[in-house]
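Chemist: Shown below is the structure under consideration.
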Amino acid sequence: MNVVKTTFLPDGVVTVKGKMNIIFLGGFAFPYGMAGTRRIMNAIDGLRIFPDISMRVVVLRQSSKQNTPDGVHNGIPYQTVVSDVAGAKMLFMTPVLQIKARRIIKELYRQGQHNILYVYSPPSYDNLPIIRFARRIGFKVVFDIVEDDELARVISRSLLHRLKVAYNCRASRNIASIADGIVVISSHLENKFRTTTSNAVPIHKLPISVDMNCYPEGRRHFGDPVTLFYAGSFGMKDGIGFLLDAFDKLAAKREDIQLALTGIGADDAMRELFKRIAASPHKDRILYKGYLDDASYYAALNSADILCMTRVDIGYAQAGFPFKLGEYLATGKPVIATAVSDIPNILRDRQDALLVAPGQSDAIAEAAEFYIADQESAFAIGARGRLLAQRLFDYRVQCEGLYEFISKIAS
């Protein structure tokens, strides 16, 4: 292996001499998808600026209806291990996935380079054998963890889900034996894995990330009607029922508002969503736009007026950090955010956003009314929120710390 040496770029960023070969591995969709996809894409885009890095993406499984299984996106090659596998068929395809994934990882190993396997998610039933194989052939392993599986049992009644979570929890307790580094999204996860690993594994806190170029500053007045906006997976943690209750309260008093929803979730979550919308006396002003491609999503987000990030007060919601919040703030539009996880420590209420207690539909409705009644204050808050996103969440700002963390592990 090449000897690692350091030098300084003109802006003072330390870089490593000696080729780094970074393989991103996970169950996220690629190149188009939701929060996990965007987190990985932002990490890739941030690392592009550093010399002597090659990157590839290996997706464990995804649907060909959403993405071409193999290809090149923005110069980054990617391949899918198995495509169009869902439900019980996944169990039968597990041996095939393991064999194919190991073959791919072996082919992607580069002699004489610093090989890094960057795993999006904690160790799990489907990635753990692959990770162990990668370590045996010389990869260093970095985990990027955004959720706490120990707290995930409550979010689904599915027996299969509970069995997966139980296995993943056991694997995570032994993460120190297979991790060379851990990237986390929240303070909760940072504290958890410092304790779990007894501080034996380097940990880097990387909060939500955004590409500020996707959010040009737009109009500084509300449309007619005023559009409240939500994007997400509609899971238990997201508190979408409270947002719909808040909208019903507002719509009963105002004819000039509507609610736009976009995203996709598990089948049971979507059934609950459609049932709740159908029960609304104002369902004609609730627009479910479905899952949108990137261009359509950014267009919908940038054309909305008040952006709503709702979470409930359960441990699972408190452990992570909602990716959509960074996107909302980046638009410069007024944001309503539930005060969970690290949010109250980063955002100032009535300065960068309006913060509401989780599970409080009345508070969501009151926050929206405040914005509508005082648009000058609304857009002043939105402007400060955008500056905060630029300062803390822009991947161009975050990339230096991520690069230095990975380069130290590579050495």
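The values are calculated or read from the model by the stated rules, or taken from the named source; none is laboratory data. Computed from a predicted structure; not experimentally measured. Virtual Cβ from ideal backbone geometry, glycine too; neighbours counted across all protein chains shown.
Chemist: Hey, does segment 23-38 have a residue that's at pLDDT below 95 and over 26 Å from Phe323 (Cβ atoms)?
Modeler: no
Chemist: With among the aromatic types (Phe, Trp, Tyr), within 26 Å of the chain's Cα centre (by Cα) and at pLDDT below 95 as the only criterion, which of Phe234, Phe274, Phe229 stands out?
Modeler: After applying the criteria, what remains is Phe234.
Chemist: Within segment 145-185, can you find the residues that are hydroxyl-bearing (Ser, Thr, Tyr) and at pLDDT below 70?
Modeler: Ser156, Ser158
Chemist: From the list Ile208, Ile240, Ile182, Ile178, which residue is out of contact with any helix residue (DSSP H, G or I) (no Cβ under 6 Å at 6 or more places or on another chain) and not aromatic (Phe, Trp, Tyr)?
Modeler: Ile240
Chemist: Another question, if that's okay. Pull up segment 254-269, narrow it to residues that are at pLDDT 95 or above and not small (Gly, Ala, Ser), then point me to the one that is surrounded by the most Cβ atoms within 10 Å (Cβ to Cβ).
Modeler: Per the criteria, the residue is Leu259.
Chemist: Which one of these is in contact with a His (Cβ under 9 Å, 6 or more places away or on another chain) and either surrounded by 15 or more Cβ atoms within 10 Å (Cβ to Cβ) or among the β-branched types (Val, Ile, Thr) (or both): Ala231, Ala246, Ala251?
Modeler: From the options Ala231, Ala246, Ala251, the qualifying one is Ala251.
Chemist: The conditions are (1) more than 27 Å from the chain's Cα centre (by Cα); (2) not assigned by TED's automatic domain parsing to the domain that holds Ala295, and Glu255 fails exactly one of them. Which is it?
Modeler: Single failed check for Glu255: (2).
Chemist: Among the residues of segment 307-341, write down those that are charged (D, E, K, R) and at pLDDT 95 or above.
Modeler: Hits for segment 307-341 are Glu327, Lys333.
Chemist: Name the pairs whose Cβ atoms lie under 7 Å apart, with the first residue in segment 35-46 and surrounded by fewer than 24 Cβ atoms within 10 Å (Cβ to Cβ), the second assigned to a helix (DSSP H, G or I) and modelled with pLDDT of 95 or more, and 6 or more positions between them or separate chains?
Modeler: From segment 35-46, the pairs are Asp45/Tyr395; Gly46/Tyr395; Gly46/Arg396; Gly46/Gln398; Gly46/Cys399; Gly46/Leu402.
Chemist: Residues in segment 341-371 that are in a helix (DSSP H, G or I), out of contact with any strand residue (DSSP E or B) (no Cβ under 6 Å at 6 or more places or on another chain) and touching a residue at least 40 places away in the same chain (Cβ under 8 Å): how many?
Modeler: Qualifying residue count, segment 341-371: 6.
Chemist: For the list (1) more than 23 Å from Ala176 (Cβ to Cβ); (2) aliphatic (A, V, I, L, M); (3) in contact with a strand residue (DSSP E or B) (Cβ under 7 Å, 6 or more places away or on another chain), I need the number of the one condition that Ala134 fails.
Modeler: Status for Ala134: all satisfied but (1).
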